[in-house]
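Laboratory data are not the source of any read-out in this text; all were calculated from the coordinates shown. If you're wondering where the values come from, they're calculated on a predicted model, not measured in any experiment. Glycine also receives a Cβ, built like all others from the backbone with ideal geometry; neighbour counts cover every protein chain displayed.
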Amino acid sequence: MLKNSLGLRAGLLSVLIFVAIVGIWQVATMPTAASGPAMDPEYAKLVGAAAAAGSKSAMPTPADIGATIWKHLADPFYVRGSNDKGIGIQLAYSLGRVLLGFGLAAVVAIPLGFLIGMSPLVYRALDPFIQILKPVSPLAWMPLALYTIKDSAISSIFVIFICSIWPMLINTAFGVGSVRKEWLNVARTLEVGPFRTAFKVILPAAAPTIMTGMRISVGIAWLVIVAAEMLVGGTGIGYFVWNEWNNLSIANIVTAILLIGLVGLLLDQGLAYLAKLVTYPE
Amino acid sequence: MENRPLISVEGLARRFGETGQPAIFEDVWFGIDKGEFCCLIGHSGCGKTTILNVLAGLDRPSGGAVIVDNREIDGPSLDRAVIFQGHALLPWMTVMGNIAFAVSSRWPTWDRAKVRDHAMRFIQLVGLAGAENKRPAQLSGGMKQRVGIARALSIQPKMLLMDEPFSALDALTRGMLQDEVLRICADTQQTVFMITHDVDEAILLADRIVLMTNGPGARIAEIVVNTMPKNERHRNDLHRHPQYYAIRNHLVEFLVNRSKAFDQEIAAHGYDPRRPKLVKPGLSAVNPPAEIVPLTTTGRRQ
């Protein structure tokens, strides 16, 4: 009973915080009767008649947000022209790019990380490249990608690829390099060949570290895709956010933020689950 | 050609760093006969584990060689199984998985069922039937070391190499495992080389006890022949055996005093590193000095 009570109290506190935030938000966005100071007519036109009159802010109330979320969730996959697609479709585009770029990065990073972890020579040879390229913002690659690839969709996948490769590469190399000597000695005394040692000893031994790298990578990739799509445009949740900014539809932006967070959470939890499968107690 | 024992350690030396540095050990010569249980005793830092690793093929000597079956050791071999000090089980595999990994390395063409059957036999041999699907983390220290022993035996090696296999265990578990190793080695006629720093363990298990002086520059001081017959060595009444204290005192005297002052002994009596002196302190106990009156007068006399 006492053990449950911590979870119960935490849940209760979460609900209270949520209610408080929504309450403050509601109060802050309540329409005011008094007319505000005179406004630049250009700006008034931009933000809408109600806001210009001062009676209503462009900031939606929680109820507006709720209605918008409901509207999006009720029909997530509609297509009404190239600039008006359902939020589900936009998310699917982003998710597809992330998984493609991340998958390609894994295909490159894990074998390469294996090589770096096993060979001190390769480690030392590649270390300067990794150290210089790792801290570069992935978006800095975008112009180069656009120029060489000449395709905005593939360029954004390339940006995801380049940002998710580093954590996987470094973690794989570290995991492989720090496999316990005695486990390798077991394989040596049993005259196990290099490939069998790699797959039966080194890979399972390093798997938890590799999975941690993949989890970090997918998190970064999901952060970067929003920014990348804001740049390249066309489709995707990042483009959707930018488009709604141009429409000054704050409710749509808030909806998108919440959904981006939710999808990021699911990606992270999915990889956490996979990591748990390969973790071994010592 | 000289008649060599199964394992012949010839002039082994090991230096760390550049040549010219003092060796950890040098000019080490001894042999291990087939079916013999040989213990190596010495203080920490005399290179015991390095010698075992060279025998296992995991390490290379700076000088000398180890000859097995008239061939120089140049790498690890399935013929020489190692029981590691820290058991070295693969924690992501079950008990069965760990042993099956060794079995399928030994006989790559065997199918799954045959590998499992064979592995199961050795799990039963060390008394772990029923625990085969457990992971190492779920086992006690003694059980883990049993799995290590089963893994080493399952590949049916020509010899077993053990690096202080029981040092991490509590006294009760250690005793039980010593008994089991004694039984299994007697049953399988296994040739064993074991490192220990436990004098009683050496007397209980070993047929010959190789004594090493302190490093750097460690060498074989002498080889003590355990003259207590195998069938008279039992853990519970070892101390009642008439030869026991003579052998034990000899070993303790060596470890406490002689191991660090062996150079003076060499100067006084001469020393041939190729033929370390064989000593039989147990036999002097047949006619014990007058001042030592055994508490039990029923001791077996030879």
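Annotations for the structure displayed:
- q = 0.12, 0.16, 0.26 Å⁻¹: log10 I(q)/I(0) that the Debye formula gives for region B:48-130, counting C-alpha atoms only: -0.48, -0.76, -1.23
- Kirkwood hydrodynamic radius of region A:87-278, from the reciprocal of the average inverse Cα-Cα distance over all distinct pairs: 18.0 Å.
- Straight-line cross-link partners of A:LYS85 among the lysines, defined as a Cα under 16 Å from its Cα and at least 8 positions apart when in the same chain: A:LYS71.
- Reach of B:LYS114 by Cα under 17 Å, taken over aspartates and glutamates that are not fewer than 8 positions away in the same chain: B:GLU132
- Two-site FRET efficiency, A:THR279 against B:ALA186, from Cβ-Cβ distance with R₀ of 45 Å, rounded to 0.05: 0.60
- Chain A: relative contact order as a whole-number percent, Cα under 8 Å and 6+ apart: 20 percent
- Prolate/oblate/rounded call for chain B, Cα gyration tensor, a/c under 1.5 rounded: oblate
- A viscosity of 1.306 mPa s and a temperature of 10 °C, combined with the Kirkwood radius over Cα pairs in Stokes-Einstein, give a translational diffusion coefficient for the protein assembly as shown of 53 µm²/s.
- Remark: relative contact order (region B:88-156) = 48 percent; criterion is Cα-Cα distance under 8 angstrom and separation of 6 or more residues.
- Pairwise FRET efficiency - A:SER137 versus A:ILE21, Cβ, R0 = 41 Å, nearest 0.05: 0.85
- Assuming charge only on the beta carbon of Lys and Arg (+1) and of Asp and Glu (-1), the dipole of the protein assembly as shown about its Cα centre is about 840 debye to the nearest 20.
- A full extension of the chain between B:PHE16 and B:ASP79 corresponds to an added length of 19.9 nm, given 0.36 nm per residue minus the alpha carbon distance.
- Taking a ≥ b ≥ c as the square roots of the eigenvalues of the Cα gyration tensor, an a/c ratio of 1.5 or more together with a/b no larger than b/c marks region B:58-182 as oblate.
- With a threshold of 24 Å on the Cα-Cα distance, the over-threshold entries among B:LYS230/B:LYS277; B:LYS34/B:LYS277; A:LYS134/A:LYS181; A:LYS276/B:LYS134; B:LYS158/B:LYS277; B:LYS230/B:LYS280 are A:LYS134/A:LYS181; B:LYS158/B:LYS277.
- Evaluated with a Cβ-only charge set (Lys, Arg +1; Asp, Glu -1), region A:71-210 carries a dipole of roughly 120 debye about its Cα centre, given to the nearest 20.
- Think of chain B as having a plus end and a minus end, set by charges on the Cβ of Lys, Arg, Asp and Glu; of B:ASN226, B:LEU182, B:ILE247, B:LEU182 sits farthest toward the positive end of this dipole.
- Measure of compaction for region A:193-252 (Cα Rg per 2.2 N^0.38 Å): 1.91
- Label-to-label distance, nm, for residues given as B:ILE266 and A:ASP75 (7 Å Cα→Cβ offset): 9.6 nm
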